Amino acid sequence: MGNITGIGAAILRKEDQRFITGRGNYVADVKLPGMTYAVFLRSPHAHARLLGIDASAALAMPGVVAVLTGEDLKADGVGGIPCGWGITGKDGLAMKEPPHPAIAHGKVRHVGDAVALVVAESVDLARIAADAVVVEYEVLPAVVGMVDALKPGAPAVFEDIPDNLCCDWEIGDRAATDAAFASAAHVAKINLVNNRLVGNPMEPRAAIALYERSTGHTTLWSTSQFPHVVKLLMGNFVLGIPQHKLRVIAPDVGGGFGVKQFHYAEEAVITWAARRLDVPVKWVSERSEGFLSDAQGRDHVSEAELALDETGKFLGLRVSTLANMGGYLSTFGPNIPTNLYGPLLAGVYTTPAIYCEVKVVFTNTVPVDAYRGAGRPEATFLLERLVDIAAAQLGMDRVAIRRRNMIPASAYPYQTPVMMEYDSGDPSGCLDRALALADWDGFPARRAEAATRGRYRGIGLSTYVEACGLAPSRIAGRLGARGGLYESATVRVHATGDVTVLIGTHCHGQGHETTFAQIVSDKLGIPADKIEIVFGDTDKVQFGMGTYGSRSLSVGGSALAKSVDKVILKGRKIAAHLLEAGEPDIVFEDGKFSVTGTDRSLKFEEICLAAYIPHNYPLEVLEPGLEEQSFYDPVNFTFPGGAHIAEVEIEADTGTVHLLSYVAVDDIGTVINPMIVAGQLHGGIAQGAGQALCETAVYDEGSGQLLSGSFMDYAMPRADILPNMKIVTHSTRCTHNDLGVKGCGEVGTIGSPATVMNAVVDALSPLGVTHVDMPASPNKLWRIIKAARLAQAAE
Amino acid sequence: MELKLTVNGRKVAVDVPTDMLLVDLLRERLGLTGTHVGCDTSQCGACVVHVDGVSVKSCTMLAVAAQDAQVTSIEGISGAGGRNSLHPMQQAFHENHGLQCGFCTPGMIMSAIDFANRHTEPTEAQVRHWLEGNMCRCTGYQNIVAAILAGTAAMHATASVEAA
Ligand code: FES
Ligand code: FES
């Protein structure tokens, strides 16, 4: 460690002060002179033809500025919302990519699809006016489930896609996998559902747009995880605003989890309205509106089979998945259940043959896209449930079967049969530590004791691997990405030696203002409080792809490290001149440039001053000033991995699950700030445990209504369902970035659903239960327990 | 309707519609945007403030119901013991990494202070139970619970010093 605020130090967060004193600046807090307020009128039907909209009564109300519809959008030549990823199916054909109008036109395709925007002088008035807008619908039959959507004769979400199939995608070697199954001694099978989730960051989405006619400048404030991408997609593809006239600001953002990493129709509509009406327009989503308009997560139906030999060695894995896209393609939608899912199915195992096919399906539901983990929790859940089932079927110990198939640490770099080359890892090291921390061996005694209290006790284990650090642009391009996935950072060193960093990632809770300052502090030997991290404003920060896919540290941090290295390199040249030494003789350490073998040195601050007051300076060969910029494109994904263990008790009489303990041992590469890492793990595990125990988005099959459409019906995890978690890192360095970092934002969410559900199933295994779909709600478990007891009594 | 109340120690007289919520009075009229709105069903707790010293979800209370009341929001709790000093509960959230995105934080801290006022030596389970009305999507609650335990202890330590 270079100094007490450098890499590895658990320093307290620099950004806390404004949040704990109520001085954060979120989009909803922004007020502009002359601001108007907008409310979206949304479809109450899941599938309907739009026959007409009569806004005359609303428009007659004093204070109502405008009612805008899809017709108006069309008349103004506004484009549809683009999808950022185009995948290719089995047949080599591009996915079906239907139009995604920013306000519905002709038809609505899910409950919550926007049909009009009402702008008024106050929010209350806009709401009242929205109620007065009369929309005539011809209600059509809706389709909610994917199995139904694929049936012949099912209602077509898009007329020209009669089978509702967006893409039939595959990965892996089908023939080799079939051969593995043909030679297998055992085949373990599972059918499972990965339930749909609503991401629900605590801050609802919001957008404010300002148009300055005199300069032609447009500014959008948005609750976005990637303001530069919104600027590019919206400016270029939707509204036709030149890039140099458009500014997107994502100020303090109250949580993202993927939900805010898409270019949303509302951003474009609000910006369009502000330009068209020439007034600032503000829209703040209500929570129940968010349930119907924020992209949702997961929603898979899968069948999977694992082929094993008689010793429990995995020979082949075959997976067939249906993945729900909802009513439109969201920005990354088609990428999530394909490229971020299939290639993760090897897990930490040496399975030699894997084949996975995914049917990507349209339904009359809210669009589905990335939600924390995005594809990788689904892969982990499927694989790790299947491994437990195989163990039970073969009568093998759950730990032994995993050990038997684990990639040994010595085998890295490891090429899987599904595209990925893992650069580093130590799965069995993680497993050993997790088993010890969770006192796995002592579990039988705890189970026996719980039984005396009328409770079923279970312990569950899951390993996982994550591919993150999105992404090497060349590989991503091959997989269908329509953008680069590098990151950029500028290090602006002031004449005084204070530093401003301008970075293209976006922080919405991850603590970047601290973590990134620690990297600079470590390298430059200056305290973190002399370093300011700036992000979230396209007029300040050169460019960037934003924050998602656990990329900020491994991609953004690497760009930052590169820029700091350039600063040091230039500093050495200045120092060589000032110290009258050869550049190779200059070393930089602890914030000082010195001539090796002498006591001659200059402090970092002195070099900075010389760069800006270049009286004695090699001006012939070196520019004055000290500011460096880098764009970093990773050469590979990073591969965090680990082993998690959970212990639960289930009340036999009520089916209530008590999550008693959770141990996470994670290999996340170099740790910059262990306190922040633990926080990321806590939050990630809580979200995964939430899926396992309580959260689920339920649509009514007939009407397509979202039944769990508010916090009254959608069970968010609360403090009293979670235990104190034990978080331990067991890291191997990433081998392809200088910092050795892998990322930690999603690992908790990736490992935890499988871990918790394996514990739940283990608890109920004495009753003969082999699988439970998420969430393990009391109601569901009570029924399972009751049925199993009746069956046992009947025997 | 003419409304007179004290907000963060300052006397305020405003003319408000009778259906205005307290949270809107604070955020929209008085510019106190530290109090947040995270839901429309009174469940998230992002909007918690104190009315006459007791925690209240300001999205569930009409502004006019605060006639003559003492209202304290997150902006009004620091400052005791020196202009820039933090309230012990704010300090505890900082020291225990009890916040990430910060959106739930003002409500959490206001709720936690009320909790501390009612409990001298609370257990972890009591804190977790108290937080039934406060949601956080970022932290998994672990460090919030730690912060509230530490903040409660610090508040009572400060109180006993003041008493002595
Ligand atoms: S905004 Fe008041 S409880 Fe959610
Ligand atoms: S810190 Fe983000 S919701 Fe609590």
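The values are calculated or read from the model by the stated rules, or taken from the named source; none is laboratory data. On a predicted model such as this, the values are computed, not experimentally measured, just so you know. All Cβ positions, even for glycine, are placed from backbone atoms using ideal geometry, and neighbour counts span all protein chains on display. With ligands, DNA and RNA removed, areas are computed over all heavy atoms of the protein, side chains included. Shrake-Rupley method; radii C 1.70, N 1.55, O 1.52, S 1.80 Å.
List the strands (runs of 3 or more DSSP E) that sit entirely inside the range A:183-226 and contain at least 1 residues that are within 16 Å of ligand 2 (Cβ to nearest atom), of a type in the set (A, V, I, L, M) and more than 17 Å from the chain's Cα centre (by Cα).
The qualifying strands (runs of 3 or more DSSP E) are A:206-212.
Tell me whether the range B:111-120 contains one or more residues that are away from chain A (no Cβ under 12 Å), out of contact with any Pro (no Cβ under 9 Å at 6 or more places or on another chain) and assigned to a loop (DSSP other than H, G, I, E, B).
yes
Which one of A:370, A:323, A:390 is open to solvent by less than 10 Å² (accessible area, probe 1.4 Å), in contact (Cβ under 8 Å) with a residue 60 or more places away in the chain and in a helix (DSSP H, G or I)?
Answer to the check: A:390.
Can you give me the number of residues within the range B:45-95 that are free of Cβ contacts under 8 Å to residues at least 12 places away in the same chain, open to solvent by 50 Å² or more (accessible area, probe 1.4 Å) and either within 9 Å of chain A (Cβ to nearest Cβ) or closer than 26 Å to residue B:18 by Cβ (or both)?
0
In the range B:115-138, how many residues are buried (at least 20 other Cβ atoms within 10 Å of the Cβ), within 16 Å of ligand 2 (Cβ to nearest atom) and farther than 18 Å from residue B:103 by Cβ?
Residues in the range B:115-138 being buried (at least 20 other Cβ atoms within 10 Å of the Cβ), within 16 Å of ligand 2 (Cβ to nearest atom) and farther than 18 Å from residue B:103 by Cβ: 3 in total.
Looking at the range A:650-685, which of its residues are of a type outside the set (A, V, I, L, M, F, W, C), closer than 23 Å to residue A:721 by Cβ and either within 13 Å of another protein chain (Cβ to nearest Cβ) or touching a Phe, Trp or Tyr at 6+ places or on another chain (Cβ under 7 Å) (or both)?
Residues satisfying the conditions are A:654, A:655, A:658, A:661, A:662, A:679, A:680, A:682, A:683, A:684.
Scanning for something farther than 17 Å from residue A:775 by Cα, away from every other protein chain (no Cβ under 14 Å) and assigned to a loop (DSSP other than H, G, I, E, B), does the range A:717-731 turn up at least one residue?
Yes, because at least one residue in the range A:717-731 is farther than 17 Å from residue A:775 by Cα, away from every other protein chain (no Cβ under 14 Å) and assigned to a loop (DSSP other than H, G, I, E, B).
Restricting attention to the range B:132-143, which residues are more than 13 Å from ligand 1 (Cβ to nearest atom), within 22 Å of residue A:197 (Cβ to Cβ) and not hydroxyl-bearing (Ser, Thr, Tyr)?
If the condition is that a residue be more than 13 Å from ligand 1 (Cβ to nearest atom), within 22 Å of residue A:197 (Cβ to Cβ) and not hydroxyl-bearing (Ser, Thr, Tyr), then B:138, B:140, B:142 are the ones that fit.
State which residue pairs qualify: first residue in contact (Cβ under 8 Å) with a residue 24 or more places away in the chain and of a type in the set (Lys, Arg) and inside the range B:131-144, second residue within 9 Å of ligand 2 (Cβ to nearest atom) and assigned to a loop (DSSP other than H, G, I, E, B) in any location, beta carbons under 7 Å apart, and separation of 6 or more residues or different chains.
B:137/A:201; B:137/A:202; B:137/A:255
Within the range B:16-39, take every residue that is facing another protein chain (nearest Cβ under 9 Å) and surrounded by fewer than 17 Cβ atoms within 10 Å (Cβ to Cβ) and give me the one that is nearest to residue A:204 (Cα to Cα).
This residue is B:28.
What residue, among those in the range A:197-213 that are open to solvent by 10 Å² or more (accessible area, probe 1.4 Å) and in contact with a strand residue (DSSP E or B) (Cβ under 7 Å, 6 or more places away or on another chain), is farthest from the other protein chains (Cβ to nearest Cβ)?
Filtering the range A:197-213 for residues that are open to solvent by 10 Å² or more (accessible area, probe 1.4 Å) and in contact with a strand residue (DSSP E or B) (Cβ under 7 Å, 6 or more places away or on another chain), the one farthest from the other protein chains (Cβ to nearest Cβ) comes out as A:211.
Say we look at the range A:263-281 and pick out the residues that are open to solvent by less than 10 Å² (accessible area, probe 1.4 Å) and not in a helix (DSSP H, G or I); which of these is farthest from ligand 1 (Cβ to nearest atom)?
Filtering the range A:263-281 for residues that are open to solvent by less than 10 Å² (accessible area, probe 1.4 Å) and not in a helix (DSSP H, G or I), the one farthest from ligand 1 (Cβ to nearest atom) comes out as A:263.
Of a type outside the set (Val, Ile, Thr), surrounded by fewer than 16 Cβ atoms within 10 Å (Cβ to Cβ) and more than 29 Å from residue A:333 (Cβ to Cβ): which single residue out of A:57, A:120, A:66 fits that description?
Exactly one of A:57, A:120, A:66 is of a type outside the set (Val, Ile, Thr), surrounded by fewer than 16 Cβ atoms within 10 Å (Cβ to Cβ) and more than 29 Å from residue A:333 (Cβ to Cβ), namely A:57.
Looking only at the range B:105-125, which residues are within 16 Å of ligand 1 (Cβ to nearest atom) and of a type in the set (A, V, I, L, M, F, W, C)?
Hits for the range B:105-125 are B:108, B:109, B:110, B:112.
Within the range B:139-160, can you find the residues that are open to solvent by less than 10 Å² (accessible area, probe 1.4 Å) and within 12 Å of ligand 2 (Cβ to nearest atom)?
Within the range B:139-160, B:139, B:140, B:141, B:144, B:147 qualify.
Out of A:445, A:450, A:434, which single residue is touching an Asp or Glu at 6+ places or on another chain (Cβ under 9 Å) and in a helix (DSSP H, G or I)?
After ruling out the rest, the residue left standing is A:450.
Within the set of pairs 6 or more residues apart or between chains, which connect a residue that is closer than 18 Å to residue A:321 by Cβ inside the range A:167-196 to a residue that is among the hydroxyl-bearing types (Ser, Thr, Tyr) with Cβ atoms less than 6 Å apart?
Going by the 6 Å Cβ cut-off, the qualifying pairs are A:169/A:338; A:172/A:355; A:174/A:355; A:177/A:355; A:192/A:302; A:195/A:696.
Out of the residues in the range A:247-262 that are more than 14 Å from chain B (Cβ to nearest Cβ) and surrounded by fewer than 24 Cβ atoms within 10 Å (Cβ to Cβ), which is nearest to residue A:30 (Cα to Cα)?
The qualifying residue nearest to residue A:30 (Cα to Cα) is A:249.
Just checking, how many residues over the range A:74-111 are modelled with pLDDT of 95 or more, in contact with a helix residue (DSSP H, G or I) (Cβ under 9 Å, 6 or more places away or on another chain) and part of a strand (DSSP E or B)?
1
Show me the strands (runs of 3 or more DSSP E) found entirely inside the range B:20-84 where at least 3 residues are within 13 Å of ligand 1 (Cβ to nearest atom) and modelled with pLDDT of 95 or more.
B:54-57
Kindly provide the set of residues from the range A:25-48 that are at the interface with chain B (Cβ under 10 Å from one of its Cβ atoms) and open to solvent by less than 10 Å² (accessible area, probe 1.4 Å), ordered by number.
Across the range A:25-48, the qualifying residue is only A:26.
Restricted to the range B:128-164, and to residues that are touching a strand residue (DSSP E or B) at 6+ places or on another chain (Cβ under 8 Å) and among the small types (Gly, Ala, Ser), which residue is nearest to residue A:681 (Cα to Cα)?
Residue satisfying both the conditions and the ranking: B:140.
Go through the range A:749-759 and give me each residue that's more than 16 Å from residue A:438 (Cα to Cα) and either among the charged types (D, E, K, R) or over 20 Å from the mean Cα position of the chain (by Cα) (or both).
Scanning the range A:749-759 gives a single hit, A:757.
Would you tally the residues in the range B:115-164 being under 24 Å from residue B:44 (Cβ atoms) and among the hydroxyl-bearing types (Ser, Thr, Tyr)?
So the count comes out to 3.
Step by step: first the residues of the range A:698-722, then only those that are hydrophobic (A, V, I, L, M, F, W, C), within 14 Å of residue A:111 (Cα to Cα) and out of contact with any strand residue (DSSP E or B) (no Cβ under 6 Å at 6 or more places or on another chain), then the one that is least open to solvent (accessible area, probe 1.4 Å). Which residue is that?
Within the range A:698-722, the match that is least open to solvent (accessible area, probe 1.4 Å) is A:698.
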